[in-house]
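Since the structure comes first, as structure tokens, the remarks are kept for the end.
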Amino acid sequence: MEARRRLLDAGYGAALLRALLEEVRSLGLPAGATVLDAGCGEGYYLGSLARELGSEAHGVDLSSAAIALAARRYPEGTWVVTNADRFLPWATGAFDLVLSIDARLNPAEMRRVLKPGGRLLVAVPAADDLVELRAAVLGEGVLRDRLEGAAGRLAADFALEGRRTVRDRARLGPDEVRDALAATYRLRESRRQAIAGMDVTLSHDLARFKGKIAASDGLFQRSS
């Protein structure tokens, strides 16, 4: 988590944050909108969005270390340690917006806590994210569409409204390479230290979903 924060503080998440801000602004949410980040990590994206937009931030993560980092930097938010794969400890219809950024998905719970007409924003690493680093470490940079799988898991509860790819290029020095590996591949320290700096692609697929109506509760509007 500390490695991830160093990378984000150095600006390596700026392109995705800008895209998230654009998407949230396009939704026309009310002032003080309630936002949940399910799998918030150390809080960078949710905390930054809330400060920029004046939203009410709620973040949940299984890692107590991540939540501690988030709470110290963004004390105005609510930060909860729990397993979002099992249950989201909020009332039905509590949120205007739910975020899932590089995190696991719990479709039924995410739909339950959204207000009628609420939206879900999902960001996953795009096929070419860090492809140069993956090729250097693993011997090949396999391209895989993660959003297709995410959309499939969400299909019973959510309708896909739109998707876009956010792409940037950056130079990682040796320290940033080690942090990127620590934050993603968790390889042995000897492998991390053997890699020099390099130019890399930073990319995410970002998708917006609308909750489907549930036959049992009638809470959600049908997507058009």
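The values are calculated or read from the model by the stated rules, or taken from the named source; none is laboratory data. In this text, all values refer to a predicted model and were calculated from it rather than measured experimentally. Every residue, glycine as well, gets a Cβ built from its backbone with ideal geometry; the counts of neighbours run over all protein chains shown.
Considering each residue of region 46-65, count those that are free of Cβ contacts under 8 Å to residues at least 60 places away in the same chain and closer than 26 Å to ALA170 by Cβ, and give that number.
10
In this structure, is LEU20 at pLDDT 95 or above, touching a helix residue (DSSP H, G or I) at 6+ places or on another chain (Cβ under 9 Å) and in a helix (DSSP H, G or I)?
Here the answer is yes, as LEU20 does meet what is asked.
Could you figure out which of (1) out of contact with any helix residue (DSSP H, G or I) (no Cβ under 9 Å at 6 or more places or on another chain); (2) buried (at least 22 other Cβ atoms within 10 Å of the Cβ); (3) modelled with pLDDT under 95 isn't true of ALA84?
Looking at each condition in turn, ALA84 falls short on (1).
Every residue, every condition in (1) in contact with a Pro (Cβ under 6 Å, 6 or more places away or on another chain); (2) of a type outside the set (Gly, Ala, Ser); (3) over 21 Å from LEU21 (Cα atoms), yes or no:
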{"residue": "SER63", "(1), (2), (3)": "no, no, yes"}
{"residue": "PRO75", "(1), (2), (3)": "no, yes, no"}
{"residue": "VAL81", "(1), (2), (3)": "no, yes, yes"}
{"residue": "ALA84", "(1), (2), (3)": "no, no, yes"}
{"residue": "THR92", "(1), (2), (3)": "no, yes, yes"}
{"residue": "LEU97", "(1), (2), (3)": "no, yes, no"}
{"residue": "ARG104", "(1), (2), (3)": "no, yes, yes"}
{"residue": "GLU109", "(1), (2), (3)": "no, yes, yes"}
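Would you check which residues across region 1-29 are in contact with a strand residue (DSSP E or B) (Cβ under 8 Å, 6 or more places away or on another chain) and of a type in the set (Asp, Glu) and list them?
GLU23
Take the residues in region 141-169 that are outside any helix (DSSP H, G or I) and within 19 Å of ASN106 (Cα to Cα), then tell me which one is farthest from the chain's Cα centre (by Cα).
My answer is ALA156.
Scan region 13-22 for residues that are of a type outside the set (Lys, Arg) and surrounded by fewer than 20 Cβ atoms within 10 Å (Cβ to Cβ) and report the count.
Qualifying residue count for the region: 6.
Of all residues in region 31-52, how many are outside any helix (DSSP H, G or I) and aliphatic (A, V, I, L, M)?
Summing the residues that are outside any helix (DSSP H, G or I) and aliphatic (A, V, I, L, M) in region 31-52 gives 5.
Taking the stated definitions as given, is GLY28 small (Gly, Ala, Ser) and either out of contact with any helix residue (DSSP H, G or I) (no Cβ under 9 Å at 6 or more places or on another chain) or not in a helix (DSSP H, G or I) (or both)?
It is true that GLY28 is small (Gly, Ala, Ser) and either out of contact with any helix residue (DSSP H, G or I) (no Cβ under 9 Å at 6 or more places or on another chain) or not in a helix (DSSP H, G or I) (or both).
Looking only at residues that are under 17 Å from the mean Cα position of the chain (by Cα) and assigned to a helix (DSSP H, G or I) in region 53-96, which one is nearest to PRO30 (Cα to Cα)?
Within region 53-96, the match that is nearest to PRO30 (Cα to Cα) is ALA70.
I'd like to know if region 34-49 contains one or more residues that are surrounded by fewer than 18 Cβ atoms within 10 Å (Cβ to Cβ) and not aliphatic (A, V, I, L, M).
The answer is no, given that none of the residues of region 34-49 is surrounded by fewer than 18 Cβ atoms within 10 Å (Cβ to Cβ) and not aliphatic (A, V, I, L, M).
Tell me which of these LEU120 doesn't satisfy, since it passes every other one: (1) more than 17 Å from GLY43 (Cβ to Cβ); (2) in a loop (DSSP other than H, G, I, E, B).
Looking at each condition in turn, LEU120 falls short on (2).
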